[in-house]
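Working notes, structure below.
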Amino acid sequence: MTPGGHAANEAPSMVRGPYRKGVQRRERIIRTAADVFGELGYLGGSLRAIADRVGASPATLIQYFGSKEGLLTAVLEDWTAQTKRSSMPEDVRGLAYFRQMRGLMEFHVEHRGRLELFITLAAEATNPGHPARDFIQQRYLTGRELWTGKLREAVEDGEIAPLTDAQIDAEIRTLVAVLDGLELQWLLGADIDLPDLVATYLDRAITRWTT
């Protein structure tokens, strides 16, 4: 046997083939579950509904992920990995950071399913017992801390008028609420240009901050 655990004369493709198919099937289940959870929520999206879409049985899903909660964990991990490339560069200081938000909204428009999944789970996670509650809370906390730091940089660099910590916190929480609200309206079918509307709001907010 070779150090890798396979006979020396065994064709690598014969070994990798079944494993590769297993990985591909697992990824398909995760993406399908993300669609179902985005459409029906975690509570409404049953293992049966997910299994039917991938042409498998609920037992197969349990085999891969252990439980429905395990599948949700895999979905959230995949969501995090997929959305990292949409994140705005964090090395941009102050107001320039916020001016990138049009690009973030354009990404959401191009990847509606990922935004729908997050908004749906965020609404459900108001229930203290929801399995995604810690994940959603941490995402909001991390985002607010980052944006608060960027607004504080704008104050330090003299780009905007001085703001107290309480004022900065209020501005960022309001910004988060505005973005969530506009994204929800867009998901519900409102005839709005999401990137343009967010950019317009940011322009007005920056004008207010500078005066």
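The values are calculated or read from the model by the stated rules, or taken from the named source; none is laboratory data. Being a predicted model, the structure only gives us computed values, none of them experimental. Every residue, glycine as well, gets a Cβ built from its backbone with ideal geometry; the counts of neighbours run over all protein chains shown. The protein model used for the area step is the full one, side chains on, heavy atoms only, and it has no ligands, DNA or RNA in it. Shrake-Rupley method; radii C 1.70, N 1.55, O 1.52, S 1.80 Å.
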What pairs come out if I take residues in the stretch 84-111 that are open to solvent by 40 Å² or more (accessible area, probe 1.4 Å) and pair them with residues that are in a helix (DSSP H, G or I) whose C-beta lies under 6 Å away, six or more apart or interchain? Arg93/Glu153; Arg102/Pro195; Arg102/Ala199; Glu106/Pro195; Val109/Leu194
Output the residues belonging to the stretch 55-65 that are part of a helix (DSSP H, G or I), among the polar types (S, T, N, Q) and open to solvent by 30 Å² or more (accessible area, probe 1.4 Å). Gln63
Of the residues in the stretch 32-54, how many are exposed (fewer than 15 other Cβ atoms within 10 Å of the Cβ) and under 14 Å from Glu77 (Cα atoms)? 0
Checking Arg204 against (1) charged (D, E, K, R); (2) within 16 Å of the chain's Cα centre (by Cα); (3) exposed (fewer than 12 other Cβ atoms within 10 Å of the Cβ): exactly one of these is not met. Which one? (2)
Breaking point among (1) of a type outside the set (Asp, Glu); (2) surrounded by 12 or more Cβ atoms within 10 Å (Cβ to Cβ); (3) under 17 Å from Ala205 (Cβ atoms), for Pro162: (2)
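State all residues of the stretch 179-211 that are under 21 Å from Ala161 (Cα atoms), touching a residue at least 12 places away in the same chain (Cβ under 8 Å), assigned to a helix (DSSP H, G or I) and not aromatic (Phe, Trp, Tyr); if no residue qualifies, say none. Let's see the steps before the verdict.
Pass one, the stretch 179-211, residues under 21 Å from Ala161 (Cα atoms): 199-211.
From the residues that got through so far, the ones that are touching a residue at least 12 places away in the same chain (Cβ under 8 Å) too are 199, 201-202, 205-206, 209-211.
So of that shortlist, the ones also assigned to a helix (DSSP H, G or I) come out as 199, 201-202, 205-206, 209-210.
Of everything in the stretch 179-211, those that are under 21 Å from Ala161 (Cα atoms), touching a residue at least 12 places away in the same chain (Cβ under 8 Å), assigned to a helix (DSSP H, G or I) and not aromatic (Phe, Trp, Tyr) turn out to be Ala199, Leu202, Ala205, Ile206, Thr210.
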Flag if Thr148 is among the hydroxyl-bearing types (Ser, Thr, Tyr) and either within 24 Å of Arg26 (Cα to Cα) or open to solvent by less than 30 Å² (accessible area, probe 1.4 Å) (or both): yes
When you check Ala154 against the structure, is it touching a Lys or Arg at 6+ places or on another chain (Cβ under 9 Å) and open to solvent by less than 50 Å² (accessible area, probe 1.4 Å), yes or no? yes
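Being under 14 Å from the mean Cα position of the chain (by Cα) and farther than 19 Å from Leu194 by Cβ narrows it down to one residue among Asp157, Asp165, Asp78; which is it?
On the way: Asp157 fails: under 14 Å from the mean Cα position of the chain (by Cα); Asp165 fails: under 14 Å from the mean Cα position of the chain (by Cα).
Answer to the check: Asp78.
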If you go through the stretch 112-132, how many residues are open to solvent by 60 Å² or more (accessible area, probe 1.4 Å) and either among the hydroxyl-bearing types (Ser, Thr, Tyr) or more than 16 Å from Gln82 (Cβ to Cβ) (or both)? 5
Exception for Ile160 within (1) in a helix (DSSP H, G or I); (2) at pLDDT 95 or above falls at (1)
Looking at Glu69, Glu106, Glu90 in this structure, which one is of a type in the set (D, E, K, R) and not in a helix (DSSP H, G or I)? Glu90
